[in-house]
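Below is one structure, written out as C-alpha cells; comments come after it.
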Amino acid sequence: MDTYKVCGCFRRKFRAGSAEPPGEIKDLFQNFSENGVMSVTHLQKFLGEVQGEAEASELDAQMTIDAQKPIDVHRLRSFFTVTVSQRGLDLDAFLRYLFNDDRNLPVRSNEVHHDMTAPLSHYFIYTGHNSYLTGNQLSSDCSDAPIIKALKKGVRVIELDIWPNSSKDNILVLHGRTLTTPVDFKKCLDSIKMHAFDASPYPVIITLEDHLTKDLQAKAAELIIETFGELLYYPKDSEDLEEFPTPESLKRRIIISTKPPKEYSDSKTAEIKANGDKLKQKTPDEEPWGDEIPDYRGNVPSEGKGPNGLEPVAEDSDDDEETLQRNPDKDAAPEYKRLITIRAGKPKGGSLKDAIKVDEKQVRRVSLSEPQLEKAASSHSSHLVRFTQKNILRVYPKGTRVDSSNYNPLIAWFHGAQMVALNMQIKIYMGDGWTQDFKKTHFDTYSPPDFYTRVGIAGVPADTVMKKTQTIEDNWTPHWNEEFEFPLTVPELALLRVEVHEYDMSEKDDFGGQTCLPVAELKKGIRTLPLYDKKGEKYKAVKLLVRIEFVSV
C-alpha cells in the first residue's frame, strides 16, 4: 500500500500499482510457451511471427534468454521479477525482456542500413546552429564543450562564427555584435578533430561565418590544414562541383562550407547597451509543452524585434548581389578559398525565387531564415523541392529566438520526399518506472499520480494529429490498453510523437516524459519506448510498453 499524509494529521492509503502483464501479453506468452516456459524455439518463433524479425536465429533467442538476470524481488518490489530457467523464460522474465532497453527498442539498430552512395544533397543532415554557444544568443559563453556534446550525439554540421581579435592578429569564435564571450578558433578545431567520429564515421561539415581580413583568412586556412591534415576533403581539380560527393566516399573526412570570402569591414563589437536590464529567459517550467505542429500555410511571420525591443541578432545570410559586387572573390586569400567544398551564396537577382534557382553547372548551399523558408514553402514550393534535389538548403532560426529555442523543422523536411501510403497502428499497453525517477510527492502531494498519454504524428499537414488515452487515476503503473490508428500519406517524413502527462484538476498538467521517433525507422511488434525529460535526457527507468503494426492500403 502507498501512504500519503493529508494536512499533517491524516493518512490516505492507496493500493500499490500492479506490474502485472496486460492480458494480451499473457495470451501471447501462453501461445508461445509450454507448461509456463518459453523455450529458445518458442522465443525464436515469437521473434519471427510477432516482432517481424524473420532473420532471428536460435542463437539470437538463446542470447536474449541468457541476457536476463535474476532480480531481488524484495529490493525492487514495484518492478518486474525476472526468473530464468535452463529451459527458457517464465512470464515475468518474458515481460522483463519486452521492457528491456538493450534488446527490444522500437527503432532499428544504430548501424546505418540506408544506401549511402547518393550525393550529399539526397540526405537529411543532423545540423547544429551556433554550435559553440553554451546558452542564449546574446550573452552566454562561447566554448568548445557544446561542440563536443553535439558531435557525441551525432551532429554532422558544426557552425563557427569567426572574427578577428582586438589586435587583429588572431581568430576568435563568437556570436558577433553581442555580449557573448569568445573561444579560440584553434581550440574549436582541435575538439572537432578529436570527437568528429565518436558517433558516426560519416563526414563532418564545418560551416564558417567568415568576418575575417584577408590575412586572417590565410591564417584560418593554415590552422585548418595543420589541424585536420589528410582528414580534410576539398576539390583538387575544379573550383566548382557539378554534383556533391557521396557520404560513403567521404567517411571520416572533414568538409568546409562557407560563403565566397569577402573583404573584411570593421564594425562595432557590440551594439547592445548594458543598461542593467536582463533579458527574460524562459525557465523549463515556463516552456510550452504539447503544442500542436503549426500549419505553415497562411501568414508568414516577420522577424520583428526581440525582448526589450532589441533588433534581431544578425544571422547567417548568404551574399546578395550588392555584397558580391562590393566584396568580390578576388579579395579573398586563395589558400582559404580553395579549401571550400560546399560553396554558399545566392545568385544575382536578390529575389527569393532566384535564391532557389537551380544552376545545372554548379551545386551550392543556400541559407534561408525561418521566415524566408515559410515564405518559400508557401509561394515557391515546387521550386524549393527542385532545388533541394541537387543542392543543399540550410535553414536557421529567426533572430528573435535569443533563448536558443528551435523552430519547427518539418516545413523544411517535407519538401522533396518520395510518397507512399500506409496506416500505422500503435497500441499503448502500460507504463512503469516513475517511482524510480520521481519523488513520491512529485506529481501529487496527497495521492499517487493520474497519468494519461498523448500519442500522434508530426509530419505533413495531412498526417499531423494528436490523440489521447483515458486518465488512469491514483496509479504509478498505469495500464491503458488503448489502440490508435494513423493513416499516413508521407511516412518517410512522419514522426511518432508520444507524451505522458499527469492530470491536475486545479493547475497545469504535469509533464511525465516524452519521445519522438521516425516512423520509417520503427520496427513492428511489442516494443519498449524509453521516455525522456524536457531537455532530451533519457530517464533511467520510465518506459512505455506498446505494440506497433503497419497495414498497407
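Quick notes
- K468-A520 FRET efficiency (beta carbon distance; Förster radius 22 Å; 0.05 resolution): 0.35
- Relative contact order %, region 466-524, counting alpha carbon pairs below 8 Å whose residues are six or more apart: 28 percent
- Carbon plus sulfur fraction of accessible area for region 87-217, probe 1.4 Å, in percent: 50 percent
- Checking the Cα-Cα distances for K219/K259; K26/K538; K26/K534 against a 26 Å cut-off, the pairs over it are K26/K538; K26/K534.
- Probe 1.4 Å - accessible area at K259, Å² to nearest ten: 20 Å²
- Here the dipole of region 478-541 is about 420 debye; that uses its Cα centre as origin and unit charges on the Cβ of Lys and Arg (positive) and Asp and Glu (negative).
- Computed over region 145-244: relative contact order in percent, which uses C-alpha pairs under 8 Å that are six or more apart: 33 percent
- Heavy-atom accessible area ranking, 1.4 Å probe, most first, across R108, R96, R364: R108, R96, R364
- 27 Å Cα-Cα threshold exceeded, pairs from K468/K540; K152/K357; K153/K251; K214/K353; K168/K251; K337/K375: K152/K357; K214/K353; K168/K251; K337/K375
- Highest-first arrangement of 384-390, 541-547, where packing means the average Cβ count within 10 Å: 541-547, 384-390
- In the context of the full set of protein chains, region 432-538 has a per residue accessible area of 41 Å² (1.4 Å probe).
- Relative contact order, percent, region 497-538 [alpha-carbon distance under 8 Å, six or more residues apart]: 33 percent
- Full-extension gain in nm, E485 to K440, via 0.36 nm per residue minus C-alpha separation: 12.8 nm
- Ordering M466, M505, A494 by the projection of their Cα atoms onto the charge dipole of region 435-505, which places +1 on the Cβ of Lys and Arg and -1 on the Cβ of Asp and Glu, puts A494 at the extreme positive end.
- Potential extension, E34-K361 segment - 0.36 nm per residue separation minus Cα distance: 111.0 nm
The values are calculated or read from the model by the stated rules, or taken from the named source; none is laboratory data. Computed from a predicted model, the values in this text were never measured in an experiment. Note: ideal-geometry Cβ built from the backbone for every residue, glycine included; neighbour counts use all protein chains shown. Keep in mind that these areas ignore ligands, DNA and RNA; they rest on the heavy atoms of the full protein, side chains included. Shrake-Rupley method; radii C 1.70, N 1.55, O 1.52, S 1.80 Å.
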